[in-house]
Amino acid sequence: MDKTVSRCAICGRKPRGICPVLEKLICPACCGSGRGSKIRCVSSCAYFPFNVAGYDLWLEVDTKLVRKILDYLKSYYSYREYEEIVEHMRFAGGVSGEDAGTAEGAAVYYLFFVKRDSDGRALAQKWQSQEWLGLNNDERIMMECRFNCRATVLEIQKVLDHQRMECIDLLEPAKGSFILIDRATAARSVRFTRMLTWLAHYPHFSRIANNGVELSDIVFAEFMVSLRDAFRKEGRRHKELTIKDYLSESFGVFGSLIYDLSREKSIAALERMDLHQCKALYKITGNFADIKAVLDKYPEFEPRERHPDEQDTPGVYYYSWLRRGQSKALEKNMPAHFRHGQEKDEGVGTIGNIRLFPDKLIVEAFTKQKHSFAKRMVKKFFAENLLLQNEAVVDLAKQQAGKMEDDYESYAQEIISNKEENDPKEIPPEIERELMQKFYKRHYTIFLDDKIPALDEMTPRAAAVDPQMRPRLIELMKQHLKGIEQQNKHRGLDLNIDWVLDELSLSELK
């Protein structure tokens, strides 16, 4: 056998295999120095770092390039100058530590690819004019691809697997969808997640350049209006400015805006919310046995276990007050989706909790509406056997709003900690899945023909065939789908409302 055949066709060294483009044997050195530049690599080649198949190689190239980028940056900017840009990119009001790496990464990308010197050149262009001194072939390609790196707003259309997502750039939607690769983002995200981040496009996939920040549904519309209004004003003074260049220069400002809007809207929502801890204490003036007989007779009163936070007192009876029987009348004043049907499998809403002591009865509810209703019903059920002695109403929503106003950062950390601590699953997944599927079936059956405030009191069916209202319906359903998929991801529920999309002819959301 002729041993010369088993040699690299370019240099004669020991080959790694056949190059699918050259259709000849190639060694690691010739592959590494020519892939993507001299050799137009195919998308299936695992040795090309800019293919999905070669993504792990991309990570290796990126890790080595970071140090070279920072070293080059130091030759043009002092540490003080760099820190000033980092501070400008920082999100005021963000959770401590969360945005540190984001601000530093944004500063580097801004200084290399956006900021121009007196000659109109970016720092990356200067390095390019030096033929990328100190960089190898893969690193040169990576830097050239990053010339397009800018801050933008992404929307995830689909999570394809553990690392790939189909996305659109909401500032350049006409360019269509692209494949974003980021394992951490894919692990925590669902469809229609939106984020403010830096984005770079490579030959066969795209990458976010740092963590960025998620845009919640409650702030998205106002954020986009604020961004476009601010850019329009700035664009009058600088005709050559693009919206993505403007956002890149003002990344910290708009990142801070997200936190400000989130805080303001959350506080406003809490202040409008009927979330009150209401307690009414009644003295027993009649016969204890008669009172207990009423509680045991009527379907709205159901015996329950003592809650862990309730004092273990001998002789006390515990009941849940449900929206059954005569107490179902409360639902007449509730939105349709909070009402329950007569079928047993449709579940039942609550009014509050009852504790029956030998000498008193305490009723606790968590809205003023329920508290007021309960007081009327106590008179009806117990007549002269009970006498209202004391009542207390604590505005829990106002308390939470005050915490947010005083120290939003600590409030956010507290919410995150509580979520992590209180996350254990108490209901078997198969039972929870069945209950939730029944709930969503009932909820969305009502929803389809219910008048929705977000749709200007139109029903979803009517909005679906109204050309002006249909975009708002699509946005509303994106929010619904996002919430359901978050439950699926975190609780393993596998819920699906495709049948609702079919009813509304919203196949574009499937």
For this session: Report yes if some residue within the stretch 251-267 is within 30 Å of residue 391 (Cβ to Cβ) and either outside any helix (DSSP H, G or I) or in contact (Cβ under 8 Å) with a residue 24 or more places away in the chain (or both); otherwise report no.
Result: yes
For this session: Return the pairs, sorted by first residue and then second, in which the second residue is not charged (D, E, K, R) and not in a helix (DSSP H, G or I), the first residue lies in the stretch 483-509 and is within 23 Å of residue 185 (Cα to Cα), the beta carbons are less than 6 Å apart, and the residues are 6+ apart or on different chains.
Result: 484/495; 485/190; 486/190; 487/493; 488/495; 489/190
Exercise. Looking at the stretch 286-325, which of its residues are touching a helix residue (DSSP H, G or I) at 6+ places or on another chain (Cβ under 9 Å) and either among the small types (Gly, Ala, Ser) or not assigned by TED's automatic domain parsing to the domain that holds residue 366 (or both)?
Worked result: 286
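A quick yes/no check of all residues on (1) over 13 Å from the mean Cα position of the chain (by Cα); (2) buried (at least 18 other Cβ atoms within 10 Å of the Cβ); (3) modelled with pLDDT of 95 or more:
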residue	(1), (2), (3)
145	yes, no, yes
156	no, yes, yes
164	yes, yes, yes
167	yes, yes, yes
194	no, yes, yes
198	yes, yes, yes
For this session: Would you confirm whether any residue within the stretch 48-67 is surrounded by 18 or more Cβ atoms within 10 Å (Cβ to Cβ) and farther than 25 Å from residue 205 by Cα?
Result: no
Problem set entry | Selection count where residues are aliphatic (A, V, I, L, M) and loosely packed, with under 15 Cβ neighbours inside 10 Å, scope the stretch 219-239 | 2
For this session: Out of the residues in the stretch 113-143 that are at pLDDT 95 or above and of a type in the set (Asp, Glu), state the one that is surrounded by the fewest Cβ atoms within 10 Å (Cβ to Cβ).
Result: 131
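So in the stretch 22-40, with the set limited to residues that are free of Cβ contacts under 8 Å to residues at least 24 places away in the same chain and part of a loop (DSSP other than H, G, I, E, B), which one is surrounded by the fewest Cβ atoms within 10 Å (Cβ to Cβ)? Talk me through it step by step, then tell me what you get.
We begin by selecting, within the stretch 22-40, every residue free of Cβ contacts under 8 Å to residues at least 24 places away in the same chain; these are 22-31, 38-40.
With part of a loop (DSSP other than H, G, I, E, B) added as a condition, the list becomes 22-23, 27, 38, 40.
Working: 22: 15, 23: 8, 27: 20, 38: 12, 40: 11.
Here the residue is 23.
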Exercise. Which one is nearest to the chain's Cα centre (by Cα) among residues in the stretch 373-387 that are aliphatic (A, V, I, L, M) and crowded, with 16+ Cβ neighbours inside 10 Å?
Worked result: 374
Seminar exercise, completed: Per the list (1) outside any helix (DSSP H, G or I); (2) under 30 Å from residue 122 (Cα atoms); (3) without any contact (Cβ under 8 Å) to a residue 60 or more places away in the chain; (4) among the aliphatic types (A, V, I, L, M), residue check on residue 70 breaks on (1)
Exercise. In contact with a Leu (Cβ under 9 Å, 6 or more places away or on another chain), modelled with pLDDT of 90 or more and among the charged types (D, E, K, R): does that describe residue 40?
Worked result: no
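The values are calculated or read from the model by the stated rules, or taken from the named source; none is laboratory data. Treat the numbers as computed from the prediction; the structure is a model and nothing was measured. As a convention, Cβ positions derive from the backbone with ideal geometry for all residues, glycine included, and neighbour counts pool all protein chains shown.
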